[in-house]
Amino acid sequence: MRRPTISDLAKEADVSVATVNRILGGSASVKGTTVQRVQAAAERIGFYGAGAIEDRLRKSVPKYRLGFLLQQSSRELYQLFGKKIVEACRARRDEVVDPVIDFVDLLTPENIAGRLKALGANCDAVAVIAADHPVIAQAIRELHEKGKPVIAYITDQSARERAAYVGADNWKMGRTAAWFISQMTHGPGRIAVFIGNHRYQCQDVSDASFRSYVREHAPHLTIEDSRPTHEEPNEAYRMVKELLATTDDLTGILIVGGGISGVLRALREVPHERRRNIRLVCRDIGPETRIGLSEGMITAALCHPLEQTSAVLVQTMIETIMQGASGSTIQRTIAFEIVTPENI
């Protein structure tokens with residue numbers, strides 16, 4: 001096949017040959033949307049100068065540096081979050097987005113606030129996953145005053161200066177978890193609830209709505225007081241192991257924070273006859289969750305669709321930069337996915 005020519009590219013993109021030459025030469029002004037159209041056409045027909053056009057495109061569109069403060073670099077789930085965010089940034093066509101992914105392992109409010117301010121100093125906007133705390137709210141306020149919008153990701157913040165929230169409907173998530181457990185158990189029983197920290201809004205709301213559903217539709221089930229795992233698998237393992245040793249009527253487990261690998265480890269240590277009668281529902285899906293689902297130990301995982309959530313997060317961050325200090329908070333709710341052993 002003959003190599004596509006400049007004339008072929010101009011025809012495919014519905015522009016003049018002179019416009020293509022100006023783009024390739026890089027010496028004259030061409031609208032960014034026109035460069036985008038020509039670049040897309042070059043990719044379609046395999047034009048030899050597609051790389052040069054892409055470089056011109058990157059020079060002609062807005063550029064943003066976005067910061068993302070995630071938690072616990074050792075957790076594969078957060079590594080997956082980071083990977084999907086980078087992919088969403090690279091997929092942008094109307095802007096050049098430089099993602100800065102940072103992981104915080106020491107989860108004290110003071111440390112998170114310090115890391116958040118440091119990240120915000122070098123970025124146009126910052127997204128953060130963190131417990132809701134006055135110290136973190138003050139950091140959000142300080143960044144807002146400097147014109148640096150902060151977006152709450154996955155779990156919301158109470159700071160009124162936050163620019164946006166992007167995440168799931170946690171009220172529905174908790175009630176859905178309660179529906180699964182109540183529909184798949186028979187007779188009275190005990191349900192244990194594990195959260196990462198009482199200050200994570202997403203977890204606290206899911207916990208409350210879970211209890212609301214059980215009170216309304218399954219009063220024969222008894223829900224234990226919530227136990228914080230502090231996002232540590234070993235702590236979750238210790239608490240579940242102790243629970244299994246001291247109760248004989250455990251019929252369900254809801255874990256809305258970190259520590260699913262510890263829960264699964266404790267369940268694997270009891271006879272199959274006992275654990276098969278325990279319904280386990282968790283949030284989000286990583287390698288450990290997939291193993292638990294494949295083994296039939298997890299009844300359902302209620303998950304953020306990572307590609308969609310990451311794309312909406314990046315889009316929302318760009319919108320907050322463009323709108324400036326409008327005073328209004330953008331709310332973007334993403335429908336969660338339900339993964340079971342049969343559709344994993």
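The values are calculated or read from the model by the stated rules, or taken from the named source; none is laboratory data. Small disclaimer: the values here were computed from a predicted structure and weren't measured. Note that each Cβ is placed from the backbone with ideal geometry, even for glycine, and that neighbours are counted across all protein chains shown. The area values use the complete protein model at the heavy-atom level, side chains included, leaving out ligands, DNA and RNA. Shrake-Rupley method; radii C 1.70, N 1.55, O 1.52, S 1.80 Å.
In terms of overall dimensions, the chain has a Cα radius of gyration and Dmax of 24.5, 80 angstrom. Past 22 Å, Cα to Cα: identify those pairs from 11/31; 31/148; 59/83; 117/146; 117/172; 63/83, in the order given. Over 22 Å Cα-Cα: 31/148; 59/83; 117/172. Please give the FRET efficiency for residue 105 paired with residue 225, using the beta carbon to beta carbon distance and R0 = 25 Å, rounded to the nearest 0.05. Plugging the Cβ-Cβ distance into 1/(1 + (r/R0)^6) gives 0.35.
Length, then width, then depth: along the principal axes, the Cα atoms of the stretch 1-137 run 61, 31, 17 Å.
The order of the peptides 72-82, 198-208 by mean Cβ neighbours within 10 Å, most packed first, is 198-208, 72-82.
Stretching residue 332 away from residue 94 to a fully extended chain increases their span by 83.6 nm, per 0.36 nm per residue minus the current alpha-carbon distance.
Calculated accessible area for the chain comes out at 46 Å² per residue, all protein chains present (probe 1.4 Å; ligands, DNA, RNA ignored). Considering all C-alpha pairs of the stretch 1-75, those separated by over 20 Å amount to 36%. When only alpha carbons of the stretch 72-136 are considered, Rg and Dmax amount to 13.0, 38 Å. Working from the pairwise distances between different alpha carbons, so that the mean of 1/r is found and then inverted, what is the stretch 207-344's Kirkwood radius in Å? The Cα-based Kirkwood calculation yields 17.1 Å.
Here residue 342 and residue 44 are evaluated by their C-beta separation; at R0 = 45 Å the FRET efficiency comes out at 0.70. Computed from the C-beta positions of residue 52 and residue 145 and an R0 of 41 Å, the FRET efficiency is 0.45 to the nearest 0.05.
Each listed q (0.24 Å⁻¹) maps to a log10 I(q)/I(0) for the stretch 193-288, found by the Debye formula over equal Cα scatterers with no solvent: -1.38. The apolar share of the surface of the chain, taken as the fraction of accessible area on carbon and sulfur atoms (1.4 Å probe, ligands and nucleic acids excluded), comes to 49 percent.
Using a simple spin-label model with pseudo-atoms 7 Å out from Cα toward Cβ, residue 234 and residue 18 lie 7.2 nm apart.
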